[in-house]
Structure formats: structure tokens, C-alpha cells
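First up is the structure itself, then whatever we jot down about it.
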Amino acid sequence: MNALVRFTLVGVGALPLGLACAQAPPSPSGFPGAAPRGAPALIRDLKAEPAAIEPGQAATLHWEVLNAYTVSIAPDPGTVALRGTQRVTPAATTTYTLTATGAGGEISRAVTVTVRGTTAAAKSPPSQHAPPPVPKLADGKPDLSGLYMAEKGVRLVGAVQPAPGAEKFRVETRPDDLGTGIQCLPPGVPSAAMLPFPLQIVHTPQTFVVMYEAYHQFRIAPVGGEHGEYLAPAYMGHSVARWDGDTLVVDVRGFNTKTVIAGYRHTEDLQVVERYRRTAFGTLAYEATVTDPHVFAAPLKFAGTLELHPEWEIGEYVCTENNQDYDALFEAKPAK
């Protein structure tokens with residue numbers, strides 16, 4: 001890397017185990033070279049207990065994987081979490097192959113469960129399980145719970161139409177500008193959903209909770225609740241939710257003026273209305289309509305898909321620990 005490049009590292013090491021080893025992300029605009037690749041996937045453990053069983057008995061598979069983007073076990077159970085256990089009852093001696101995909105590509109390891117008195121089963125491709133149906137809450141509404149990833153799946157739809165006088169809200173950026181993240185500050189809504197970090201939804205008939213790995217932010221929206229008369233200005237605003245058919249509508253108000261949307265700061269009159277609809281077991285359709293009459297002449301719309309990742313887990317994100325000014329390190333030192 002060019003020794004004169006100046007940059008700030010934000011949340012180094014905070015990528016989730018799954019995302020950290022996906023294909024190398026593109027370099028920020030204005031930065032030379034390619035962004036560093038994540039660590040390759042590592043299978044730390046795969047075993048069967050017991051390794052030999054009588055016909056009709058069960059064995060338990062145990063596994064642990066690091067830095068993987070996807071993990072699966074064939075012939076069953078298919079996609080799995082980074083670590084876990086699974087009871088299996090093979091009819092004949094069966095070899096289970098764990099495959100993990102990371103920055104360095106695919107790696108695999110196999111373990112055999114011997115069923116006494118049988119011969120090894122012919123190797124077969126992974127079972128083609130039918131996708132599970134959309135889960136339901138106790139009240140019959142769709143259950144939106146799960147760990148999801150949006151990143152490139154959610155984007156601005158259409159052009160920004162500034163309101164008269166909105167130029168004063170425009171944020172001037174440099175090609176190498178990393179945005180408000182350099183201060184480890186929350187990005188606001190809907191920007192938090194578009195970061196390269198997962199979010200986890202916990203959903204009950206009474207409450208809708210979104211937990212973001214980035215910046216360890218969370219939002220709690222009472223279902224059927226109403227906004228209070230006074231809302232203390234907040235980075236992530238204040239959320240309440242209601243149902244529109246099978247779509248959960250989340251109304252977010254009470255923002256402070258410290259976040260940026262589509263290149264503009266905003267006023268405390270900002271309002272974001274989100275719509276969440278589970279179109280299938282593994283996908284969540286997401287829309288966010290942004291209004292601020294002082295800044296935008298017409299509502300902004302963000303839309304896309306959140307992909308379910310049951311094999312991931314929310315990781316620890318400590319931005320301030322690694323958020324440092326590296327100017328001194330990379331500036332050329334005067335010759336003695």
C-alpha cells in the first residue's frame with residue numbers, strides 16, 4: 001500500500017464469522033489496490049458420537065467451523081450453523097461430508113457412522129429438501145424472526161429530488177471519505193440495514209425487535225403501539241409497528257439531525273416508514289420510505305431483499321477499540 005495513503009479503520013475485526021471470509025469487498029472509492037481478503041474457512045471439529053451403532057440406533061454429529069460464509073452437511077441435514085449438533089439415524093453405514101465456503105474457497109471434511117451388519121451406503125448428492133413454509137406467530141401472522149443480511153440487496157430506488165433550499169443540508173464528501181462511521185456513530189434508519197453486517201429480528205405478536213451487529217444498535221417497536229407526544233431525538237429514532245395484511249409496517253420518528261441519508265443531512269421532521277414482508281422462508285422483502293419536507297421535494301424509497309442466514313450468528317462489534325488515526329503511521333518521515 002502507498003505509504004502516503006491516509007485512512008481510518010472502522011470496526012476492524014468486527015465482521016461476522018460468516019461475512020468476514022466472503023469474497024474480498026471492493027476498495028473504498030479513492031483507495032489504491034484491493035481490500036484485504038478475510039481469513040480462510042477453518043473446520044475445527046467434525047465427529048460422530050458414537051462412531052458405530054446398531055441398526056435403528058442414533059448417532060450425534062458435532063461440528064465447529066470458523067470464518068465460513070456457508071456451511072452444509074451432506075447427505076443430511078443440509079445447511080447448518082457454524083457450530084452445532086445433529087442426531088442422525090442412518091439405515092446403513094453412511095459418510096457425512098461437511099463443506100464450508102470461505103475466502104479461500106471450499107474446504108470439506110468427512111466422518112463415517114458405521115451401522116453394524118450393513119455395508120456402506122452408496123454416495124448420494126445432498127437431499128433436495130423442500131423449503132420450509134413461512135413460519136407463523138401465535139396469532140397467525142407471519143413470523144419475521146431470523147438473522148438476515150441486506151447489504152447490496154437494498155438500494156435507493158429512483159433519483160433524489162432536493163427541496164428548495166436543501167443545498168445547505170448537502171454533505172460534501174471526498175473520494176476517500178468513509179462517512180460518519182469514522183466516529184463510530186450509529187448510521188440511522190434505513191442506512192443500518194445496508195451496512196455489510198447482519199441484523200437479527202426477534203418477533204412476537206406484541207413486539208418487533210431489530211438487533212444490528214454494526215455499532216451494537218437495536219430497535220424495539222411495540223406492535224399496535226403509538227408514538228408518544230414527545231420523542232427525545234435519537235440516532236435510530238423511535239419505532240412503532242402495525243400490520244397491513246401480512247406486511248409489518250414500522251413507523252420511525254424522533255430522529256436527531258446527525259445522520260446522513262442519500263448524501264443529505266436532515267431535520268428532526270424526518271420520518272421513515274418501513275415495510276417488512278416475508279415472501280418465503282429464506283427471504284424478507286424490505287421497503288423504506290423516507291420523508292423530510294425541508295430536505296426532499298418527494299419521498300425517497302429504498303427497497304430490496306433481506307436474505308436469511310440461519311448458519312450465521314451476531315458477532316461482537318467494538319468500533320472504538322480499533323478506530324484509530326493512521327496518519328502518523330503512513331505519512332512519510334523526514335530524512336535525518
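Expected output is a single nm value to one decimal: the length gained when fully extending between Glu307 and Val160, i.e. 0.36 nm times separation in residues minus the C-alpha distance. What is it?
My answer for the length gained is 50.3 nm.
What full-extension length gain, to one decimal in nm, is calculated for Thr267 and Tyr230 as 0.36 nm per residue of separation minus the Cα-Cα distance? Each step should come with its number before you reach the end.
Values: separation 37, 0.36 × 37 = 13.32 nm, distance 1.58 nm.
Here the answer is 11.7 nm.
Please compare each pair in Lys168/Lys258; Lys152/Lys258; Lys136/Lys301 to a cut-off of 22 Å on the Cα-Cα distance and tell me which ones are over it.
Lys152/Lys258; Lys136/Lys301
List the trypsin sites (Lys or Arg not before Pro) within segment 232-297 that DSSP assigns to loop and that have no more than 12 neighbouring Cβ atoms inside 10 Å.
Qualifying residues, ordered by number: none.
Taking every DSSP beta bridge that has both residues in segment 146-321, what percent is antiparallel when rounded to the nearest 5?
Counting only bridges with both partners in segment 146-321, antiparallel ones make up about 95 percent.
Which residues among segment 255-290 fall inside the zone where the amide N is under 16 Å from a point 7 Å beyond the Cα of Thr173, along Cα→Cβ?
So the set is 258-266.
Taking the Cα centre of segment 146-321 as the origin, how large is its charge dipole in debye, to the nearest 20, when only Lys and Arg (+1) and Asp and Glu (-1) carry charge on their Cβ atoms? Kindly include the intermediate steps, with their values, before the conclusion.
On the way: 14 positive and 21 negative charges, 79 e Å.
Using Cβ point charges on Lys, Arg, Asp and Glu, segment 146-321 gives about 380 debye.
Test of understanding: what is the full-extension gain from Glu106 to Thr85, defined as 0.36 nm times their sequence separation minus their Cα-Cα distance?
Full extension of this stretch gives 5.4 nm more.
Every read-out reported here was derived from the displayed coordinates using simple, explicitly stated rules and does not represent laboratory data. Note that the coordinates shown come from a computational prediction; the quantities given were computed from them, not determined experimentally. All Cβ positions, glycine included, derive from the backbone under ideal geometry; neighbour counts span all protein chains shown.
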